[in-house]
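Only one structure is covered here, and it is reproduced in the block below.
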Amino acid sequence: MSNIKLVLLRHGESEWNKKNLFTGWHDVKLTKEGKIEAKKAGQILKINNFKFDYAYTSFLRRAICTLWLTLDQLDQLWIPIKKTWRLNERHYGKLQGINKDQAIKKFGIEQVKQWRRSFNVAPPLLSMDDFRWPRFDSKYSKLEDYQLPLSESLSTTMKRVMHVWNNHISLKIRNMERILIVAHGNSLRALIKYIENINDKDIVNLNIATGIPIIYEFNNNLNYINKYYLNN
């Protein structure tokens, strides 16, 4: 039996990526370049004969539109898509909307690196009356307050990502379904940490480029055995 494959894709460049702002759960659009990246991802997946049974993405339009553009290039827009807030980018708390270079000038490069890259350190919390708290966004009206972050570390992001992995995605992969996940830098970092069993210290060094498909191969026990990128 051939290896089971899973494809991960970070959304294309967003408007706030281009402006170098902490984006988090803020719902920004793709740039022109981001749309091109998404289409190229679909084209290279098509050249390599990838076909999918099911796709997962977040509640955020930069990921949703990347998925649509990718599937359009694959002629697979018809496949079922599951959108879940659990695959959202991590919430950056009070940093959300702030320029990253300005944050470094204010807080220092090491502190900002800890907030951005470490496993357990979360940025400063929002107050519950801050408009950046997801409670004020109608997309999350069906969620309980305790589910809506005021800030998140990669660790807390991983908890929600693992919920959808354990209860949905991994079950489909075990059933030999071909899955595409289009999500965000940190929700994908969290999932990759689990798949590759990366320790808390080394996860700091993991960065995920926009628009480049990452292919994971698993054996029948869902143990990771191979990884490669499609970037030609």
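Just so it is clear, none of the values below were taken in a lab; they were calculated from the coordinates. It should be emphasised that the depicted structure is a prediction, and the values quoted were computed from it without experimental measurement. Heads up, the Cβs are rebuilt from the backbone with ideal geometry, glycines too, and the neighbour counts pull from every protein chain shown.
A few points about this structure:
- Loop exposure criterion: trypsin sites (Lys or Arg not before Pro), DSSP state outside H, G, I, E and B, at most 13 other Cβ atoms within 10 Å. Applied to the chain, the longest stretch between such sites is 52-141.
- For the chain, leaving out every one of the chymotrypsin sites (Phe, Trp or Tyr not before Pro) that falls in a DSSP loop and has at most 10 other Cβ atoms within 10 Å, the longest unbroken run is 132-232.
- Cut-off of 10 Å, at most 15 other beta carbons, DSSP loop: longest stretch of the chain lacking such GluC sites (Glu not before Pro): 1-143
- Checked against a 24 Å cut-off, the cross-linked pairs Lys39/Lys94; Lys82/Lys139; Lys106/Lys159; Lys51/Lys172 give Cα-Cα distances beyond that limit for Lys39/Lys94; Lys106/Lys159.
- Helix-only mean residue ellipticity at 222 nm for the chain, each DSSP H run of n ≥ 4 adding -39500 (n - 2.57), per residue, nearest 500: -10000 deg cm²/dmol
- With viscosity 1.002 mPa s and temperature 20 °C, the Kirkwood radius over alpha carbon pairs of the chain converts through Stokes-Einstein to a diffusion coefficient of 119 µm²/s.
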